[in-house]
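Asker: The structure that follows is given in the form of C-alpha cells.
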Amino acid sequence: MAARKVPVIPLPGTNGYPMIGLGTFTIFERRGSNDEVKEAVKCAIDCGYRSLDCALVYQNESSVGQAVADKIRDGVVKREDLFITTKLWDTHHNPANIRENCMKSLNNLKCGYIDLYLIHWPFGFEDGDEYFPMGDDGKARFSDHDYVDVWKGMEKLVDEGLVKSIGLSNFNESQIERVIKNCRIKPSNLQIEVHPYFSNKKLVDFCTANGITVTAYAPLGNPNRTWAGDKDPVVFDEPILKEIAERKKKSIAQVCLRFLLQRNIVVIPKSVNPQRIKENIDILDFELSDEEMKAIWSLDSGKRFYIEPIAKTHKYYPFDDVK
C-alpha cells in the first residue's frame with residue numbers, strides 16, 4: 001500500500017488530478033495482454049491508485065473498464081473516487097466524429113464520464129476506424145483537419161457533461177499557443193514524454209507559466225519498448241541513479257518517479273507486474289535533496305524515445321528536432 005495519500009493537483013471541473021497514476025499503454029499486447037492489463041488495474045486500485053491513463057488506440061479500454069466495474073461492484077471504490085484519462089485518436093479529428101470517438105471510449109470504460117480527455121496528437125490520420133491507415137506506397141494516409149477545430153469539438157464535450165476537463169498530448173509550444181489564442185476553454189493539461197534523459201524543461205516551463213498542468217508519460221524511458229535501439233540508454237543501468245537509490249533504500253524506478261514528482265509533474269508509469277505496481281506508488285515517504293536533483297538533471301541529453309515516425313511528413317508533426 002502507498003505510504004501516504006497521493007497528492008492531487010487542481011484541474012477544472014474535477015475533484016483534483018492524482019499525481020501518481022497507472023499507465024495502460026502495453027504496446028498493443030506485444031508487451032502485456034489485455035487480460036494482464038485488467039489484472040494490473042485491479043492491483044493498482046487495491047494498492048491505492050486512483051488515476052488511470054488510457055487511450056482508444058491502446059485497444060484495451062474494455063479491459064480497464066471491466067476492472068473498474070469489478071472494483072466498483074465489490075465496493076472497493078466508487079466512480080467519483082477515480083480519475084480516468086483517455087484520448088481522442090487521430091482518425092477521429094473530423095469535428096463530426098469527435099463525439100463518436102468519445103462515446104466509444106465511454107462505452108469501453110463503462111465509466112459514465114471521462115475526467116480528462118486529451119487530443120492524442122496534433123495531426124490526424126484519414127477518417128475511419130482503421131487506427132493506422134496506410135496507402136499502397138507504405139505511407140500513412142493523413143487527414144487535414146485543423147487541431148483548432150478539433151479543440152472546439154472537445155469543448156462541446158465539456159458542455160455536454162461527457163468529459164470534465166480537456167487537454168492536449170504531444171503538442172509543441174507554438175501549437176499550444178495557437179489553441180490558447182483560439183479557445184473558449186483553456187487546455188488544463190499537457191501529456192508529454194519526460195524522463196531523466198529528456199527533461200522537456202522548456203515546454204514544461206511554458207506550461208507552468210500558462211497554468212497548464214503536465215503529465216509525464218514514459219517516466220522511466222520505457223526500456224521494454226519494442227523499437228528500442230541497442231545503443232539507447234537505460235535508466236536502470238545509470239550509476240548516478242543506482243547510487244541515489246542505494247542511499248535512499250529505494251529502487252531506481254522510485255527515484256526517477258520522485259524526481260518528476262518534485263518537478264510538480266504527474267507520473268503515469270505503466271506495468272503489469274504487481275510488485276512494480278506497488279513499488280511505483282510508494283514514493284511519498286522520501287525526498288531527493290537539491291544535490292540529488294541536480295545529479296539526475298545532469299542525465300538530460302534531449303533523447304526522445306517516442307517520435308511517431310510515420311507522421312513526420314504531416315504539417316502538424318510536433319517534433320521539429322527529429323524531422
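The values are calculated or read from the model by the stated rules, or taken from the named source; none is laboratory data. Because the structure is a prediction, the values reported are computed rather than measured. We place every Cβ from the backbone using ideal geometry, glycine too, and count neighbours over all the protein chains shown. To get the accessible areas, we keep the full protein, side chains included, count just its heavy atoms, and leave off ligands, DNA and RNA. Shrake-Rupley method; radii C 1.70, N 1.55, O 1.52, S 1.80 Å.
Asker: Scan the range 219-232 and tell me whether some residue there is surrounded by fewer than 14 Cβ atoms within 10 Å (Cβ to Cβ), part of a loop (DSSP other than H, G, I, E, B) and at positive phi.
Answerer: So far as the range 219-232 goes, no, none of its residues is surrounded by fewer than 14 Cβ atoms within 10 Å (Cβ to Cβ), part of a loop (DSSP other than H, G, I, E, B) and at positive phi.
Asker: Restricting attention to the range 264-323, and to residues there that are β-branched (V, I, T) and surrounded by fewer than 20 Cβ atoms within 10 Å (Cβ to Cβ), which single residue is farthest from P223 (Cα to Cα)?
Answerer: First, the residues of the range 264-323 that are β-branched (V, I, T): 265-268, 272, 277, 281, 283, 296, 307, 310, 313, 322.
Adding the requirement that they be surrounded by fewer than 20 Cβ atoms within 10 Å (Cβ to Cβ) leaves 307, 310, 313, 322.
Numbers: I307: 15, I310: 21, T313: 27, V322: 20 Å.
Step by step, filter the range 264-323, then rank; the result is T313.
Asker: If a residue must be of a type in the set (G, A, S) and in contact with a Phe, Trp or Tyr (Cβ under 6 Å, 6 or more places away or on another chain), how many such residues does the range 240-261 contain? Write out each step before concluding.
Answerer: Going through the range 240-261, the residues of a type in the set (G, A, S) turn out to be 245, 251, 253.
Next, only the ones that are in contact with a Phe, Trp or Tyr (Cβ under 6 Å, 6 or more places away or on another chain) stay: none.
Counting residues in the range 240-261 that are of a type in the set (G, A, S) and in contact with a Phe, Trp or Tyr (Cβ under 6 Å, 6 or more places away or on another chain) gives 0.
Asker: Consider only pairs whose beta carbons are under 7 Å apart and that are at least six residues apart or on different chains; among these, list those whose first residue lies in the range 188-205 and is open to solvent by 10 Å² or more (accessible area, probe 1.4 Å) and whose second residue is of a type in the set (D, E, K, R) and not in a loop (DSSP other than H, G, I, E, B).
Answerer: Short answer, once both residue conditions are applied: N200/E193; L203/E173.
Asker: For the range 161-186, give me each residue that is out of contact with any helix residue (DSSP H, G or I) (no Cβ under 8 Å at 6 or more places or on another chain) and either assigned to a helix (DSSP H, G or I) or modelled with pLDDT under 95 (or both).
Answerer: In the first step, residues of the range 161-186 are kept if they are out of contact with any helix residue (DSSP H, G or I) (no Cβ under 8 Å at 6 or more places or on another chain); the result is 161, 167, 169-170, 174, 177, 180-181.
Answer for the range 161-186, where residues must be out of contact with any helix residue (DSSP H, G or I) (no Cβ under 8 Å at 6 or more places or on another chain) and either assigned to a helix (DSSP H, G or I) or modelled with pLDDT under 95 (or both): S174, E177, I180, K181.
Asker: Now for a separate question. Looking at T208 and the list (1) open to solvent by less than 60 Å² (accessible area, probe 1.4 Å); (2) not charged (D, E, K, R); (3) not in a loop (DSSP other than H, G, I, E, B), which single condition is not satisfied?
Answerer: Single failed check for T208: (1).
Asker: In the range 305-323, what residues are outside any helix (DSSP H, G or I) and touching a strand residue (DSSP E or B) at 6+ places or on another chain (Cβ under 6 Å)?
Answerer: Going through the range 305-323, the residues outside any helix (DSSP H, G or I) turn out to be 305-308, 312-319, 323.
Correct list: Y306, H314.
Asker: Step by step: first the residues of the range 221-262, then only those that are charged (D, E, K, R) and in contact with a helix residue (DSSP H, G or I) (Cβ under 7 Å, 6 or more places away or on another chain), then the one that is farthest from N200 (Cα to Cα). Which residue is that? Steps first, answer last, please.
Answerer: At the first step, the residues of the range 221-262 found to be charged (D, E, K, R) are 225, 230-232, 237-238, 242-243, 246-250, 258.
Checking which are in contact with a helix residue (DSSP H, G or I) (Cβ under 7 Å, 6 or more places away or on another chain) leaves us with 242, 248.
Values: K242: 23, K248: 26 Å.
In this case the residue turns out to be K248.
Asker: Next up: Condition first: in contact with a strand residue (DSSP E or B) (Cβ under 7 Å, 6 or more places away or on another chain) and either aromatic (F, W, Y) or closer than 26 Å to M19 by Cα (or both). Now tell me which residues in the range 85-111 satisfy that.
Answerer: Result: T85, T86, K87, L88, C102, S105, L106, L109, C111.
Asker: Which residue out of V272, V255, V267 is touching a Leu at 6+ places or on another chain (Cβ under 8 Å) and closer than 23 Å to T226 by Cβ? Don't jump to the end; show me each part of the working.
Answerer: Values: V272 fails: touching a Leu at 6+ places or on another chain (Cβ under 8 Å); V255 fails: closer than 23 Å to T226 by Cβ.
Of V272, V255, V267, the one residue that is touching a Leu at 6+ places or on another chain (Cβ under 8 Å) and closer than 23 Å to T226 by Cβ is V267.
Asker: Right, another one. For A245, are the conditions met, namely being open to solvent by less than 10 Å² (accessible area, probe 1.4 Å) and under 20 Å from Y217 (Cα atoms)?
Answerer: Values: open to solvent by less than 10 Å² (accessible area, probe 1.4 Å): yes; under 20 Å from Y217 (Cα atoms): no.
So A245 fails the test.
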